[in-house]
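Some notes on the structure that comes next.
The values are calculated or read from the model by the stated rules, or taken from the named source; none is laboratory data. Since this is a predicted model, take the numbers as computed values, not measurements. Every residue, glycine as well, gets a Cβ built from its backbone with ideal geometry; the counts of neighbours run over all protein chains shown. SASA here: full protein model, heavy atoms, side chains in, ligands and nucleic acids out. Shrake-Rupley method; radii C 1.70, N 1.55, O 1.52, S 1.80 Å.
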Amino acid sequence: MSTSSVEPSPHDRVRIFDTTLRDGEQAPGFSMTPEQKIELAHLLASLKVDVIEAGFAAASPGDSAAIRRIASEINGPTLCSLARTTLSDIDAAAEALAPARHRRLHIFLATSPIHREAKLRMSRLEVLKAIETALTHARGTFDEIEFSAEDALRTEEDFLVEAMSCAAAFGADVLNVPDTVGVSEPGEIRRIFEMLCEQVDRPDHVVFSAHCHNDLGLAVSNSLAAVQGGARQIECAINGIGERAGNCSLEEVVMALNVRPDIYPAASSVDTTQLWATSQKLMRLTGTTLAPNKAIVGKNAFAHEAGIHQHGMIADRRTYEIMTPESVGAPGTALVLGKHSGKHALNQRLAQLGYQPDPERLDDVFKAFKALADAHGEVMDADLVAIMEGYSPSGSVWTVLRTELRTTAGPQPKQFARVELSHPERGRVSDIASGEGPVAAAFAAVQTITGMKADIISLETRMIRAREGREFLAEIEVELDGDRVRGRARGPDIVTAAIDSLLFAFERHQPYHRQPAETAMHAAAS
Ligand code: KIV
Ligand code: ZN
């Protein structure tokens with residue numbers, strides 16, 4: 001056994017240990033079925049993470065079965081299961097990981113005084129003994145073993161060095177230093193990693209790992225500081241999910257390493273072009289959403305609305321983009337047209353739609369555009385076409401007169417909706433339809449009445465307070481003839497607001513589709 005030197009060699013490789021399916025999945029609202037876990041594990045493999053922590057085999061028979069299925073289906077990354085230091089946990093992990101090509105056991109035991117005294121009721125010596133017993137039992141059964149000193153960042157430094165050295169002496173290949181409660185900060189964590197690299201007695205191949213929680217919003221910064229301090233594995237999760245405020249976000253830490261190789265001494269092997277798709281898949285599987293301004297994978301991560309920014313982006317995208325959307329697999333830069341946008345961006349979008357208004361006409365269109373942006377937020381291509389062609393993009397021609405919802409009794413209840421709409425030319429029209437849920441049934445009826453077919457991509461409803469009392473706001477995104485269109489409406493109840501948002505999306509779409517011939521004529525005339 002030797003004591004390795006502290007100096008990290010520049011451009012080393014940092015392993016990415018993904019814990020979306022373990023630490024992430026154990027957080028409220030993120031639990032997944034075994035099928036969902038397998039679906040996500042395939043994407044993690046395409047992302048080329050180094051290790052997938054597939055679960056905690058001893059936690060439940062379901063977790064164990066999911067790990068086993070992932071272990072038999074997934075090629076590429078090392079497969080890992082969490083375990084306490086109890087021998088039955090280690091045996092459960094061995095059984096679940098048996099089909100994997102490369103198996104890692106992840107044993108954890110708390111080392112901090114608060115955990116030793118309040119939770120474990122163990123002395124320092126008993127903790128060291130438990131590490132020795134567990135590792136001795138596990139040795140030879142797995143391809144590699146990771147030891148985590150839970151709550152490491154609140155552990156006395158001398159004891160942390162002792163516990164880590166003990167784990168390395170009994171066969172740990174990876175020494176993980178979790179900031180379990182997310183209390184550290186970059187300067188401190190970097191110094192601790194430097195200290196551990198200096199003082200822990202270990203064989204040369206042993207790697208230090210960071211596992212940072214985000215309670216103070218510092219998980220990514222702390223993980224990067226750990227790399228500067230000598231860590232060569234980062235534990236992280238897609239979209240930063242995990243206990244409480246979550247774990248280090250995989251997409252953020254990987255892109256920071258990518259964008260700033262000048263300051264981080266190690267690079268990952270992750271295929272960054274798969275980040276967006278993996279993040280989207282996790283959201284769909286767990287039914288969760290991300291803040292629009294979430295770094296790397298948020299809806300606005302590559303969107304620019306402010307006029308000055310749009311002007312800069314049109315001149316040279318590097319003015320406001322430090323990485324391209326293509327590099328993370330995002331759909332593309334969006335110059336969102338809204339009330340902050342300038343004439344320059346409006347004119348460019350009009351040109352893309354085939355319009356070349358003269359300066360006077362552009363002034364008028366700009367005024368109509370700003371009025372629309374004030375009323376509806378984002379202005380879409382269909383709205384611009386409507387302005388140029390003289391249609392009204394401000395609401396639907398249909399009015400919702402009545403909705404009646406009914407659910408049948410019995411073991412497999414069905415939902416029906418009767419919707420009555422009124423149209424200035426067609427008069428009152430109604431239809432009855434069924435669907436999976438009252439809103440789906442109402443949407444089916446609306447589609448029959450209007451003759452428009454849409455795929456609903458998302459629907460968000462929320463209650464808002466209006467002067468007259470309660471009101472509901474619905475925001476919908478649909479796919480119509482291959483175009484994505486959004487609608488938004490308020491209503492006295494959820495279903496009416498949802499129907500109106502769908503009708504508004506239909507209305508926004510129509511002029512857009514009436515336009516090619518007219519657009520060409522207009523472009524030729526102007
Ligand atoms: O946060 C933590 O300490 C953990 C360990 C099990 C690594 O998740
Ligand atoms: Zn954790």
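Which peptide among 246-254, 228-236, 309-317 comes first, and what is the full order, when sorted by highest mean count of other Cβ atoms within 10 Å?
Per-residue mean Cβ counts within 10 Å order the peptides as 246-254, 228-236, 309-317.
Amide H of Gly246 versus every other amide H placed in the peptide plane: which residues, excluding those fewer than 5 positions away on the same chain, fall under 5 Å?
Asn214
Quick one: 3J(HN,Hα) in Hz for region 134-151, Karplus 6.51/-1.76/1.60 with θ = phi - 60°, rounded, Gly and Pro as x.
5, 5, 5, 5, 7, 3, x, 8, 10, 6, 8, 10, 10, 10, 10, 8, 4, 6
For the chain, report the accessible area per residue in Å² (1.4 Å probe, heavy atoms, rounded to an integer).
Values: 23380 Å² over 526 residues.
Heavy-atom accessible area per residue stands at 44 Å².
Could you give me the ³J(HN,Hα) list for region 478-492, computed from phi with Karplus coefficients 6.51, -1.76, 1.60 and θ = phi - 60°, whole Hz, x at Gly and Pro?
Listing the rounded values in order: 10, 10, 10, 6, x, 9, 8, 10, 10, x, 8, 7, 10, x, x Hz.
Could you work out what % of the accessible surface of region 303-389 is carbon and sulfur, using a 1.4 angstrom probe and leaving DNA, RNA and ligands out of the count?
C and S atoms contribute 54 percent here.
My understanding is that a pair violates if its Cα-Cα distance is over 19 Å; which of Lys339/Lys367; Lys294/Lys343; Lys343/Lys367 do that in this structure?
Correct reply: Lys294/Lys343.
Give the cross-link partners of Lys37 among the lysines, using a straight C-alpha distance below 20 Å as the criterion and excluding same-chain residues fewer than 8 apart.
Within the straight-line cut-off, Lys37 pairs with Lys48, Lys281.
Show Thr180, Thr289 ordered by accessible area, largest first, where the area counts protein heavy atoms only and the probe is 1.4 Å.
The ordering from most to least exposed comes out as Thr289, Thr180.
Run through region 80-184 and list the trypsin sites (Lys or Arg not before Pro) located in a DSSP loop whose Cβ has at most 10 other Cβ atoms within 10 Å.
Arg121
Would you calculate the convex hull of the Cα atoms in region 14-286 and tell me its volume per residue in Å³? Working shown, then result.
On the way: hull volume 30.4 nm³, N = 273.
Spelled out: Cα convex hull of region 14-286, divided by residues, is 111 Å³.
Could you tell me which GluC sites (Glu not before Pro) in region 404-472 are loop residues by DSSP with no more than 10 other beta carbons within 10 angstrom of their beta carbon? Write out the running numbers ahead of the final one.
Numbers: sites: Glu404, Glu420, Glu425, Glu436, Glu460, Glu468, Glu471; in loops: Glu425, Glu436, Glu468.
Here the sparse-neighbourhood loop sites are Glu425, Glu436, Glu468.
Round to a whole number: what % of the accessible area of region 14-286 belongs to carbon and sulfur, probe 1.4 Å?
Accessible surface attributable to carbon and sulfur in region 14-286 totals 51 percent.
Please calculate the 1.4 Å probe accessible area of Lys343, with all protein chains present, and give it to the nearest 10 Å².
Estimated to the nearest 10 Å², Lys343 gives 80 Å².
Based on the alpha-carbon gyration tensor of region 303-389 and its eigenvalue square roots a ≥ b ≥ c, which shape applies: rounded if a/c is under 1.5, prolate if not and a/b is larger than b/c, or oblate?
Taking the square roots of the gyration eigenvalues as a ≥ b ≥ c, region 303-389 is prolate.
At most 13 other Cβ atoms within 10 Å and a DSSP loop assignment: could you name the trypsin sites (Lys or Arg not before Pro) in region 355-426 that fit?
Lys414, Arg426
Can you return the lysines within cross-link range of Lys129? Criterion is Cα-Cα under 19 Å, with same-chain partners fewer than 8 residues away left out.
Lys119
Looking only at region 357-379, which residues have a backbone nitrogen under 20 Å from a spot 7 Å from the Cα of Ile314 in the C-beta direction?
In region 357-379, the label zone of Ile314 (backbone N under 20 Å from the point 7 Å along Cα→Cβ) covers 357-374, 378-379.
Quick one: net charge of Arg13's neighbours, Cβ under 14 Å, K/R +1, D/E -1?
+1
Per 10 Å bin from zero, what fraction in whole % of the C-alpha pairs of the chain is there, up to the bin with the longest pair?
P(r) for the chain, in whole percents per bin: 4, 16, 22, 19, 15, 13, 8, 3, 0.
If I model a spin label at Asn293 and Glu188 as a point 7 Å from the Cα along the Cα→Cβ vector, what separation in nanometres do I get?
So the label points at Asn293 and Glu188 sit 2.6 nm apart.
With every protein chain present, what accessible area does Thr33 have (1.4 Å probe, heavy atoms only), rounded to the nearest 10 Å²?
60 Å²
Pairs of Cα atoms under 8 Å, at least six residues apart: use those to get the relative contact order of the chain, whole percent.
The normalised contact order for the chain reaches 10 percent.
Under the Kirkwood approximation for Rh and a Cα-based Rg, what ratio Rg/Rh is obtained for region 362-509?
Here Rg/Rh amounts to 1.00.
If the chain between Leu216 and Ile114 were fully stretched, how many nm would it gain, using 0.36 nm times the residue separation less the Cα-Cα distance?
Numbers: separation 102, 0.36 × 102 = 36.72 nm, distance 1.98 nm.
Length difference between fully extended and current span is 34.7 nm.
Once you put a point 7 Å from the Cα of Glu132 and another 7 Å from the Cα of Ser88, both along the Cβ direction, what distance in nm separates them?
Modelled inter-label distance: 2.5 nm.
Using only protein heavy atoms and a 1.4 Å probe, report how much of Ile322 is accessible, in Å² to the nearest 10.
140 Å²
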